[in-house]
Every structure is written in structure tokens, then in C-alpha cells.
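All remarks here apply to the structure that follows.
The values are calculated or read from the model by the stated rules, or taken from the named source; none is laboratory data. Being a predicted model, the structure only gives us computed values, none of them experimental. Cβ placement follows ideal geometry from the backbone for every residue including glycine, while neighbour counts extend to all protein chains displayed.
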Amino acid sequence: MIDSSTPHWYDDEAGPLVRLYAMTAGRARPGSEVFDLMAVVQAVEPDEHATMLSPEQNAILQLCAQRARPVADIASDAGLPLGVVRVLLSDLLAAGLIQVSRPVPPARLPDARLLKKVIDGLRAL
């Protein structure tokens, strides 16, 4: 008989649970601050270092090998919390397995009124 005062460390349906800090070696913050929600990640060499990576890092690397993805999409598709994904991405970046690009800041985008004038001018031709 199981004593109800002992902690329940597993889910009957899902099996044993792994604490999130076990995936990140106890780290809660990434080593790099480039991983905001809209930073775009692309795998550089998806399978060469697969044996040295955790299963979660392999899954992330496989997602990024298919196409460049924003960090928010990676977290959603991997089924992992955003903080964990950011730490794992930081490790992959340090290993040289991914590239990160930042979206263009809104201040650097052309003005919508200017674009409308250009389109109107092209239509007038």
C-alpha cells in the first residue's frame, strides 16, 4: 500500500516526469540575451553532433533544420517552456550549431504612407 504522504513523482498516464532544471543543468537564464520571442533561429549543421546533445536539443535542432523559426514557435512546437528553450538554444549557439537573426525593428521599416505613394505611382504608370 502506498502512503499518501509520500510525494507522487510520476504521472500514471505519462510515466516518470523530468524536472525542467534537469534539462538545463540547473540554469534558469540563457548565456546570451539574443533569444527574444521573435528572434529567428536556423540550424547550421543539424546532425553532426547529435550524439553529444540531449534529446530536447536534438528535437530543437531538427525543428530548426526544416526552416528558420522564431523562438516562440520553437517553444510551442517542442512542447517545452520558453525559459527552457532559451537556455537550450543558448547552448546550441555556443556550440555553433545554430544561427540567430533578429527581426527588423519597426523604426527601420519604411513608412506605410511612403509605400502607399509608391504603389499609387506604380499603378498610375
Among the residues of the stretch 52-72, count how many are surrounded by 14 or more Cβ atoms within 10 Å (Cβ to Cβ), out of contact with any strand residue (DSSP E or B) (no Cβ under 7 Å at 6 or more places or on another chain) and of a type outside the set (Asp, Glu). 8
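Somewhere in the stretch 44-52, is a residue modelled with pLDDT of 85 or more, of a type in the set (A, V, I, L, M) and in a helix (DSSP H, G or I)? Show your work before the answer.
Looking only at the stretch 44-52, we keep the residues that are modelled with pLDDT of 85 or more, and these are 44.
Next, only the ones that are of a type in the set (A, V, I, L, M) stay: 44.
Now narrow it down to the ones that are in a helix (DSSP H, G or I): none.
No, the conditions are met nowhere in the stretch 44-52.
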When ARG29 is evaluated against the numbered criteria (1) touching a Gly at 6+ places or on another chain (Cβ under 9 Å); (2) at pLDDT below 60, which criterion, by number, is the only one it fails? (2)
One residue from ALA112, ALA94, ALA75, ALA124 being surrounded by 15 or more Cβ atoms within 10 Å (Cβ to Cβ) and among the aliphatic types (A, V, I, L, M): ALA75
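Condition check: of a type in the set (S, T, N, Q) and in a helix (DSSP H, G or I). Does GLN57 satisfy that? Give the derivation first.
Values: of a type in the set (S, T, N, Q): yes; in a helix (DSSP H, G or I): yes.
It is true that GLN57 is of a type in the set (S, T, N, Q) and in a helix (DSSP H, G or I).
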Of the residues in the stretch 104-125, those that are part of a helix (DSSP H, G or I) and more than 19 Å from VAL40 (Cα to Cα) number 13
